[in-house]
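Notes for the one structure printed next.
Derivation of every value follows stated rules applied to the coordinates shown; laboratory data play no part. Treat the numbers as computed from the prediction; the structure is a model and nothing was measured. Every residue, glycine among them, receives a Cβ derived from its backbone with ideal geometry; neighbour counts consider all protein chains shown.
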Amino acid sequence: MLKITAIQDHIVYNIYFQYNPYLVDLVRQIPCRVFIPEKKFWTIPTDKLGWLQKMVEESAENIHLEIISDENINENATIDETTKIPDIDISDVDRYVESGSKLFPHQLDFLKYAKAHGGKGFVLADSPGLGKTAEVMNFALYRRKANGVKHCIIICCVNAAKYAWRDDIRKHTNGKEIGYILGLRKKKNGDDKYPQSADVKLKDLECGHMYGDTAAPELPYFILINIEALQYKVGRKFPIAERLVEMINSGEIGIIALDEIHKNASPKSTQGKILLKIKQYTGTNAQWIPMTGTPIVNKPTDVFTPLKLVDGHNVKSFYEWQKHFCIFGGYGDHEVLGYRNIPELKAMLQDHMIRRLKESFLDLPDKVFYTEYVENTPYQERLYQSVRSGMVKNKSKIISAMNPLAEFIRLRQVNGSPEVIDEELVYNDAYIKKNAKLKRLLELVDEIIDRGEKLVIFSNWVQALKPIYIFLSKKYKVCCFTGTMADDVREKHKRVFCTNPDYKILIGTIGALGTAQTLTVANNVILYDEPWNAATRDQAIDRCHRISATKNVNIYTILTAGTIDETVHSIIFDKECTSQYIVDGKLDIKKNPALFDKLIGK
């Protein structure tokens, strides 16, 4: 047995074990290890704990590793709801909400919390469906009235979210306020021409007018931009980021809201680094409000940026942050093997965050789940076994791949879009007889349409949506929303679906349609296939189950029995062996090689 004890200053760990040549040789492989002869133990630097864990895990010997430390190693912590709301007067805060509605009590509590913060930043972590957009919009308008803030800029970490913000600002202010998307231009017929390049967005910021035209109105209070635009580079400079710094420091921008901060804002990414640079060069001259429905307290790499933006910690570098909260090991010492000090991180986050759960504050209609099992057709079964056999032969190669789960996509696609595997398969009348999952989906759609209801169909992959569209469009009017479509086209499809009673079907990828959208016009969701983690699926479902939903939402999940479909569902959504197979909310084969056999059906 190896016994590891963390000493007080947490610079090194002490390692104790009865003399064993094998264990001595194992410890000697760790860089910077030191033997203390007078006390007969070894020490290793704290950042080499993962190195040791990995060697023990891969050892041919049965070694028991006991770690004694006050760092709460691999101890998770759940986020608590915010229950203490300042008891302050908000009668001077104007209420903006669409006609016929009113702000909910939890939204009024948010205004109390935000007003009490003054101009200090905080993380808004209400769960999806609680109306975070309306909360931030109302508070930003209050700051304009009370503090003379000139502009609120909303940086959307999911590109499509800027259109949802534009529509919500117009809706909740009954057209009195505009959410202007930087780079918007006008066509000759007067229609909007959606922005495609960053240089036109920069021109808007530089001239201070809409459409990049000094003859047009000045930029309105709400300015919308996607986070990718911050990467715009000319030579060695990032002119959009530099212009934002100028506007913040001159007082032109007083509030910065970051929608879906957990997406595309990693401190290792270019846009994440630029956000941190903007904060560094502007200090407390603007109030930052990072927004997320899924704060992951047991994944500290996600928390560094939002907390840094709201002055929630003073750790200078992401490297130092990772050393304190992560256990590294594996090849190159770059693989995260576990976490430590998570309760400390939880306390740090909750001191700078407001979070409420939907089930605690909204009396929403129920979510009703239905599992629709199908059996693969003989054609699909032969194809499935062929793909499966190839994977079994390449088991070691797949397990050691950078992203082992990606290798299982082909197996999953046999169940819903076999033409991706068999390129000779064509979309004719015989196709439906070969695709059991599509056949059941078409039956479900008929049942829902017969009830006079609308529905949203999600898939992980664009390829799977192609046959769905081809066969549904023969009978119904169908709208689409995928990442491969131009922004203006897919926004038009969504608008038609939400406003035209003749269009009852919207199909889309979970990646594009599963976040930052409000689709409560539909009370039926069909999951043609499920994502690899529960949070992504729940977010997609909550596009229909949120504020303004008036009917029970029916969620139909189509699973192919006896295949990877059923296995993924049982592990992730029925919580079977969750602690064994799931790391950071995702299936992890690299840390759990036995998961390969479970997914492959062995």
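For region 105-358, the residue among 272, 285, 172 whose Cα projects farthest onto the positive side of the dipole built from Cβ charges is 172. Placing pseudo-labels 7 Å out from each Cα toward the beta carbon at residue 371 and residue 99 gives an inter-label distance of 4.7 nm. By DSSP, the beta bridges lying fully in the chain are antiparallel in about 30 percent of cases. For region 226-266 versus region 460-539, the spacing of their alpha-carbon centroids is 30 Å.
Under unit Cβ charges (Lys, Arg +1; Asp, Glu -1), what dipole magnitude, rounded to 20 debye, does region 105-358 have relative to its Cα centre?
That gives a dipole near 220 debye.
On the basis of the beta-carbon distance and an R0 of 35 Å, residue 197 and residue 170 show a calculated FRET efficiency of 0.90. Our summary gives region 105-358 a relative contact order of 25 percent, counting only alpha carbon pairs under 8 angstrom and 6 or more residues apart. Amide hydrogen proximity for residue 337: with H placed 1.01 Å from N in the peptide plane, the residues at 5 or more positions away or on another chain lying under 5 Å are 327, 328, 329. Checking the table 171/504; 437/551; 145/201; 162/477; 201/263 against a 24 Å threshold on Cα-Cα, which pairs fail? Over 24 Å Cα-Cα: 437/551; 145/201; 162/477. Sequentially through region 265-270, phi angles give Karplus couplings (6.51, -1.76, 1.60; θ = phi - 60°) of 10, 4, x, 8, 7, 4 Hz, Gly and Pro residues having no value and appearing as x.
Determine, from the Cβ-Cβ distance of residue 357 and residue 32 and an R0 of 45 Å, the FRET efficiency 1/(1 + (r/R0)^6), rounded to the nearest 0.05. Before the final figure, lay out each step's value.
Values: r = 45 Å, r/R0 = 1.00.
E(calc), rounded to 0.05, equals 0.50.
Close amide H pairs (under 5 Å, H built 1.01 Å from N) link residue 524 with 456, 554, residues at least 5 positions away or on another chain.
Summarising the label geometry, the points placed 7 Å from Cα in the beta-carbon direction at residue 56 and residue 14 lie 1.7 nm from one another.
Taking the Cβ of residue 562 as the centre, find all other residues whose Cβ is under 12 Å away and add up their charges (Lys, Arg: +1; Asp, Glu: -1). The answer is -3. Taking K and R as +1 and D and E as -1, what net charge do the other residues with C-beta under 15 Å from the C-beta of residue 380 add up to? Taking every other residue near residue 380 into account, the sum is +1. Our coupling estimate for region 429-437, obtained by passing each phi through the Karplus curve with A = 6.51, B = -1.76, C = 1.60 and θ = phi - 60°, is 4, 6, 4, 4, 5, 9, 10, 5, 5 Hz, Gly and Pro reported as x. Phi-derived couplings, Karplus 6.51 cos²θ - 1.76 cosθ + 1.60 at θ = phi - 60°, listed residue by residue for region 89-95: 6, 10, 5, 8, 8, 5, 9 Hz, with x used for Gly and Pro. Looking at this model, which pairs from 84/268; 279/316; 132/316; 150/176; 84/115; 454/475 are more than 24 angstrom apart at the alpha-carbon? Flagged as over cut-off: 84/268; 132/316. Placing unit charges on each Cβ (+1 for Lys and Arg, -1 for Asp and Glu) gives the chain a dipole about its Cα centre, and among 251, 514, 416 the Cα reaching farthest toward its positive end belongs to 251. Taking a straight line from the alpha carbon of residue 434, these lysines sit under 18 Å away, with near neighbours fewer than eight places off in the same chain left out: 466.
Extension gain residue 25-residue 433, at 0.36 nm per residue separation less the Cα-Cα distance, in nm?
140.7 nm
For a straight C-alpha distance cut-off of 17 angstrom, no lysines are reachable from residue 188 once same-chain residues fewer than eight places away are disregarded.
Here the relative contact order of the chain, from alpha carbon pairs under 8 Å that lie six or more residues apart, stands at 14 percent.
Listed values [x] 52.5, 160; [y] 28.5, 99; [z] 26.5, 87 include one computed from this model; for Rg and Dmax of the Cα atoms in Å that value carries the label [z]. Basic side chains Lys and Arg get +1 at the Cβ, acidic Asp and Glu get -1 at the Cβ, and with that the dipole of region 473-533 about its Cα centre reaches some 320 debye.
Place a point 7 Å from the Cα of residue 474 along the Cα-to-Cβ direction; which residues of region 445-467 have their backbone N under 17 Å from it? From region 445-467, the list is 445-447, 465-467.
By DSSP, the beta bridges lying fully in region 2-68 are antiparallel in about 75 percent of cases.
Report the one residue of 19, 37, 60 whose Cα lies farthest in the direction of the positive end of the charge dipole of region 2-68 (charges on C-beta: Lys and Arg +1, Asp and Glu -1; origin at the Cα centre). My answer, from the dipole projection, is 37. Would you please give the FRET efficiency between residue 72 and residue 317, computed as 1/(1 + (r/R0)^6) with r the Cβ-Cβ distance and R0 = 25 Å, to the nearest 0.05? Efficiency for this residue pair is about 0.65.
On full extension, the segment bounded by residue 91 and residue 234 gains 46.7 nm, given 0.36 nm per residue less the C-alpha separation. Using 0.36 nm per residue and subtracting the Cα-Cα separation, the extra length available between residue 551 and residue 344 on full extension is 70.4 nm. For the peptides 370-381, 119-130, 244-255, 93-104, residues were scored by their other Cβ atoms within 10 Å and the scores averaged per peptide; the highest-first order is 119-130, 244-255, 370-381, 93-104. Using a cutoff of 8 angstrom between alpha carbon atoms and counting only pairs six or more residues apart, the relative contact order for region 364-600 works out to 27 percent. The magnitude of the dipole of the chain, with charges of +1 and -1 set on the Cβ of Lys/Arg and Asp/Glu and taken from the Cα centre, is near 1260 debye.
For residue 395, give me every one of the aspartates and glutamates with a C-alpha distance below 12 angstrom, ignoring sequence neighbours fewer than eight places off in its own chain. Filter leaves 407, 597.
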